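The values are calculated or read from the model by the stated rules, or taken from the named source; none is laboratory data. Everything numeric in this text was worked out from a predicted model, so none of it was measured. Note that each Cβ is placed from the backbone with ideal geometry, even for glycine, and that neighbours are counted across all protein chains shown.
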Amino acid sequence: MHGGVHSTWKYFYHDCDEVTARWAFDRLGPERFGDTTVTPVSVPAFWAADLPRSFIVCEQDRSMPRWLADTVAQRLGVEQLSIDASHSPFVRRPRELAELLVHATTTSPVGPLIPD
């Protein structure tokens, strides 16, 4: 990641101590973005599917703007579940995240899927 551990810590692990942030940073690998950042993905069957769905927002997330999280939850037709953590709750709050994931399996949509 550009900027090294300190930039990554600022956006993804700011609720972790430096030792934990370095541990997480050392385990990151390159991700291929390529066309995924410029070419829309089409999944028409998703919008017609009757699938269980939920959305967890990280209250301290500095990498995903809150308006975007709100938009995603609205389009999924779900109430947001939340955790008081940075973008990486699996590093700082794994137990609470696991409990929230289990809870997410019991939630029901509150509205329809909104494709556009």
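Numbers at a glance
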| item | result |
| --- | --- |
| Pairs with Cβ under 9 Å, 6+ apart, first in segment 19-30 and of a type in the set (Gly, Ala, Ser), second modelled with pLDDT of 90 or more and not in a helix (DSSP H, G or I) | Ala21/Tyr13; Ala21/His14; Ala24/Tyr13; Ala24/Cys16; Ala24/Ser88 |
| Per-region count, segment 83-100, residues over 23 Å from Val19 (Cβ atoms) and exposed (fewer than 14 other Cβ atoms within 10 Å of the Cβ) | 1 |
| Those residues of segment 42-70 which are outside any helix (DSSP H, G or I), acidic (Asp, Glu) and within 17 Å of the chain's Cα centre (by Cα), in sequence order | Glu59, Asp61 |
| Single match in Phe90, Phe46 (criterion: in contact (Cβ under 8 Å) with a residue 60 or more places away in the chain and among the aromatic types (Phe, Trp, Tyr)) | Phe46 |
| Per-region count, segment 101-113, residues within 18 Å of the chain's Cα centre (by Cα) and loosely packed, with under 12 Cβ neighbours inside 10 Å | 2 |
| Selected residue [surrounded by fewer than 12 Cβ atoms within 10 Å (Cβ to Cβ) and either closer than 25 Å to Thr8 by Cα or in contact (Cβ under 8 Å) with a residue 60 or more places away in the chain (or both)] from Pro65, Pro40 | Pro65 |
